[in-house]
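Below is one structure, written out as structure tokens; the observations come after it.
The values are calculated or read from the model by the stated rules, or taken from the named source; none is laboratory data. Being a predicted model, the structure only gives us computed values, none of them experimental. Here the Cβ positions follow ideal geometry from the backbone for every residue, glycine too, while neighbour counts run over all protein chains shown. Surface areas here come from the heavy atoms of the whole protein model, side chains and all, with no ligands, DNA or RNA. Shrake-Rupley method; radii C 1.70, N 1.55, O 1.52, S 1.80 Å.
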Amino acid sequence: MARVMPSAVAVVEPLGYDRRGKRRYREISFEELDRDSDRIARGLHELGVVPGTRLALLVRPGIDFISLVFGLFKAAAVAILIDPGMGRRNLVRCLSEADPEGFVAIPIVHAVRTLLKDRFPRAKWNVTVGGRRWFWDGVTLDQLRGEPWTCGELTPTLADDPAAIIFTTGSTGPPKGVLYRHGNFDGQVTQIRDFYGIRPGEIDLPGFPLFGLFNCAMGVTTVIPDMDPSRPARVDPAKILEAAEDWSVTQAFGSPAIWNRVGQYCREHGVRLGTVRRVLSAGAPVPADVLERMKAAIHPEGDIHTPYGATEALPVASISATEVLGETAEKTSQGAGVCVGRNFPGIRWQVIRIVDGPIGSLDEVESLDTGEIGELIVQGPVVTREYCTRRESNALGKIAGGDEVWHRMGDTGYLDEEGRFWVCGRLAHRVLTSGGPMFPLQCEAIFNQHPAIYRSALVGVGPPGQQRPVIIVEPRNGRMPRSVDAKASLIEELRQLGRKNPLTERIDDFLLHPRFPVDIRHNAKIFREKLAVWATKKLSRTGGSE
């Protein structure tokens, strides 16, 4: 893109406001970004970084972040990309497990890694970004950029070379480090660009920093929003609209938590993202009401798309808001599961008989017919081949198929007659009762129809095979019933709602929770394991529903 459209704006970073209250921005062109990342890569080589060196990258979203990632790629280093929003304990543990050979990070990170130097014994190549280097070793980013490096040509990278380690959210267990190769990233760019018809010259507002990297490879301008990407549910919608209007944004990417707030804001204030024609939302199922509000908030000819996948394999499938609101949402509300659409052209998939444990090879799987609930497995250029931390997870998450590796998505569901996949819930979250398995997304949808309920969670109490199904509900806006009678009335209404559907007629226990524990990255994935522990303790005291 630096050769094709050198002077076009690659990345825009928000700064403060001028005296008139007008937002100021910092810009960098594709040519400038290419030169800057070249300087960074040459500086790393001059310092002694060789291909395959693992460097942890912890900097704030902005031009420096994007330039540094491409600099690391050009240096053939392996970037450890980790969400600081996962919490300090998880962050330190994941970084330690990734065994970095250096840190490219803001000053506070260097201070912590210096204090915890025993956790990072190989951290030799260290770069301080966005501030002074104090009592720790290494160089600053300004030094990397400013020195007249004399090293020769940069080492070209091949498709199978390691590029990055990206951690899962840890919604069904400890976060795991996924090894991305350059071919995986190339496949992602190709699939996303071609499937959605993204063209050079478009302008994107990504609520997830890594999407800015795809934009640069597609010739799309990235306008970095003024928000904390690790706290999407706290986004200020006014700042999203401000950036979209200032730059005539045509596309926006974010988690459902972002679009929930933005859509509500647009409806309440009678405003629109008038230039936006394509919204992408990923990380968790997007409720129909969120899709409806956002569709009304963008250009009349625009649409919202919800790509489906996982850290280990993304994208896998996609569906539009038009298709959801026009057809699948009604079926979802009756317990059909959540339709995530059709597979991307580069993805092969099949639904297999559920197996609790490793599957050695593709010869051992039993493919299921249309409509049968099983586990989804996928294969294609965007599918990563291995975990490089907690490597015991490879036996459970990967299936060998000759020279290919299939990934077990960990989602249960089925394929319909049109070739669309319907998710019924995580494999680890199904409730194994004496009457057979019950699947969260099917059952929860029934109770989510109640006007007082924001969301619900199906959990099992007791040993597998004899689990007691329990529905936990979170009232809208955290408004718990104030009296015992009001609580009992709500519980009875939920019970009667469940009696009307064969999927939920066996559920007798209902509990109220003021605020569900959810993942920080997307603020949408419910930690049902934590709720199951909570429900077990609660029921041991009360014996049944509240």
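Taking the Cα centre of the chain as reference, the dipole from Cβ charges on Lys and Arg (+1) and Asp and Glu (-1) amounts to some 2000 debye. Surface composition of the chain: carbon and sulfur make up 51 percent of the accessible area, probe 1.4 Å. Across region 34-113, C-alpha contacts under 8 Å between residues 6 or more apart give a mean separation that, scaled by the residue count, equals a relative contact order of 39 percent.
Label zone (Ala217, point 7 Å along Cα-to-C-beta; backbone nitrogen cut-off 16 Å) within region 37-75: 66-75.
Taking a sphere under 13 Å around the Cβ of Ile106 and counting the other residues whose Cβ falls inside, with K and R at +1 and D and E at -1, yields a net charge of +3.
Rounded, prolate or oblate: which one fits region 416-467, using the alpha carbon gyration tensor with axes a ≥ b ≥ c (rounded when a/c is under 1.5, else prolate when a/b beats b/c, else oblate)? If you can, show how the numbers build up before the last one.
On the way: a/c = 2.50, a/b = 1.13, b/c = 2.20.
Judged from the Cα gyration tensor, region 416-467 comes out oblate (a/c at least 1.5, b/c at or above a/b).
Mean separation of Cα pairs under 8 Å and 6 or more residues apart, divided by the residue count, gives the chain a relative contact order of 10 percent. Amide H contacts under 5 Å for Lys176: Thr168, Gly170, restricted to partners 5 or more places along the chain or on a different chain, H placed in the peptide plane at 1.01 Å from N. When peptides 32-42, 484-494, 374-384, 343-353 are ranked by their average number of other Cβ atoms within 10 Å per residue, the highest-first order is 374-384, 32-42, 343-353, 484-494. In this structure Met218 has an accessible area near 0 Å², from a 1.4 Å probe over the protein heavy atoms.
For the peptides 173-182, 324-333, residues were scored by their other Cβ atoms within 10 Å and the scores averaged per peptide; the highest-first order is 173-182, 324-333.
On the beta carbon distance between Glu372 and Ile108, with R0 = 51 Å, the FRET formula returns roughly 0.50.
Counted by Cβ distance under 14 Å from Leu539, the other residues give a net charge of +1, where Lys and Arg count +1 and Asp and Glu count -1.
Calculated accessible area for the chain comes out at 44 Å² per residue, all protein chains present (probe 1.4 Å; ligands, DNA, RNA ignored).
Relative to the longest principal axis of the Cα atoms of the chain, the long axis of helix 182-196 makes an angle of roughly 60 degrees.
For region 126-131, 3J(HN,Hα) computed residue by residue from phi via the Karplus equation (6.51, -1.76, 1.60; θ = phi - 60°) reads 10, 10, 8, 10, x, x Hz, glycine and proline entered as x. Based on Cα contacts under 8 Å between residues 6+ apart, region 383-532 shows a relative contact order of 16 percent. Of interest is the spacing of the C-alpha centroids, which for region 1-50 and region 292-355 amounts to 34 Å. Distance between the modelled labels on Asp118 and Arg26, one decimal in nanometres: 3.8 nm (7 Å Cα→Cβ projection). For Glu268 and Arg88, the FRET efficiency from 1/(1 + (r/R0)^6), where r spans their Cβ atoms and R0 equals 35 Å, is about 0.45.
The angle between the Cα long axis of helix 30-47 and the main principal axis of the chain comes to about 80°, on a 0 to 90 degree scale. Please say if region 1-156 is rounded, prolate or oblate, where rounded means a/c under 1.5 for a ≥ b ≥ c the square roots of the C-alpha gyration tensor eigenvalues, and otherwise the choice is prolate for a/b larger than b/c and oblate otherwise? Oblate is the answer for region 1-156, as a/c is 1.5 or above yet b/c matches or exceeds a/b. Checking (i) -0.65, -0.96; (ii) -0.59, -1.16; (iii) -0.55, -1.05 against log10 I(q)/I(0) by the Debye sum over Cα atoms at q = 0.08, 0.11 Å⁻¹ calculated from these atoms, the matching label is (iii).
Starting from the Cα gyration tensor of region 431-546, take the square roots of the eigenvalues, sort them a ≥ b ≥ c, and report rounded, prolate or oblate (rounded when a/c is under 1.5, otherwise prolate if a/b is larger than b/c, else oblate).
In terms of gyration-tensor shape, rounded.
Neighbours of Ala486, meaning other residues whose beta-carbon lies under 13 angstrom from its beta-carbon, give a summed charge of -1 when Lys and Arg score +1 and Asp and Glu score -1. Among the aspartates and glutamates, select those whose C-alpha is under 12 Å from the C-alpha of Lys487, and discard any that sit fewer than 8 residues away in the same chain. List returned: Glu546.
Across region 382-391, rounded Karplus estimates of 3J(HN,Hα) from the backbone phi angles (6.51 cos²θ - 1.76 cosθ + 1.60, θ = phi - 60°) give 8, 7, 6, 9, 7, 8, 10, 10, 6, 5 Hz, Gly and Pro being marked x. For Leu58, the residues whose amide H sits under 5 Å from its own are Val104, Ala105, Ile106, ignoring neighbours fewer than 5 places away on the same chain, with H placed 1.01 Å from N. Taking the longest Cα principal axis of the chain as reference, the axis of helix 484-499 is set at about 90 degrees.
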